[in-house]
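Notes follow the structure.
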Amino acid sequence: MAKAVKKEQNAINQLLLDDTDMHILKILQHNAKATVKEIADKVHLSTTPVHERIKRMEQAAVIKQYATLVDNTKVKKGLMVICYVSLRQHDKNAGSKFIKKIHELNEVIECYNISGEFDFMLKVVAENMDAYYDFHVNKLSQSENIGHVQSAFVMGIIKQTHMFIY
């Protein structure tokens, strides 16, 4: 029984996407509110197979979630900062503690583990410079095991997209 469940899970994890699946993903990336009927019309299928394909991709975590993209300047988060962080210690426990702390900081909207001079790159939004200073001094820098933080202030956004299926 357990082998059957594991085999099914492996099959889901190894989901092969065809051109129609990729077209559906492209449509959903452009407009996550598109109805199954609208998608079906664009991919030239009936609604049932389109619905089944979407459900299959959701179950396999190809589609991780649906989100609303918000203009940060219109919700009093007009300052965007790219923060590079290096840790003093690099063992598994220290990294796990840092990652847990990052999940608690609402100002951090993205975090990447990177190679090079720094260990992590954070995308941070704040209302203004005073709010960022408070975040930097009283939250981020107070985190355990912080070695060095370098902040780069975003002067303008040239390209910002979440679409990578063309």
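Right, SER96: in contact (Cβ under 8 Å) with a residue 60 or more places away in the chain and not in a loop (DSSP other than H, G, I, E, B) or not? Against the criterion (in contact (Cβ under 8 Å) with a residue 60 or more places away in the chain and not in a loop (DSSP other than H, G, I, E, B)), SER96 does not qualify.
Look at segment 50-79: where a residue is touching a residue at least 12 places away in the same chain (Cβ under 8 Å) and a partner is part of a loop (DSSP other than H, G, I, E, B), sitting 6+ places away or on another chain with Cβ atoms under 6 Å, you get MET57/ILE63; ALA60/LEU15; TYR66/ALA32; LYS76/GLU127; LEU79/ASN128. Checking LYS37, LYS33 one by one, the residue that is part of a helix (DSSP H, G or I), closer than 25 Å to LEU69 by Cα and at pLDDT 95 or above is LYS37 and no other.
Just checking, does segment 75-88 include any residue being of a type outside the set (Lys, Arg), closer than 30 Å to ALA131 by Cβ, at pLDDT 95 or above and part of a helix (DSSP H, G or I)? Within segment 75-88, one or more residues are of a type outside the set (Lys, Arg), closer than 30 Å to ALA131 by Cβ, at pLDDT 95 or above and part of a helix (DSSP H, G or I).
The values are calculated or read from the model by the stated rules, or taken from the named source; none is laboratory data. Just so we're clear, the structure is a prediction, and the values are computed from it rather than from any experiment. Reconstructed Cβ throughout: ideal geometry from the backbone, glycine too, with neighbour counts over all protein chains shown.
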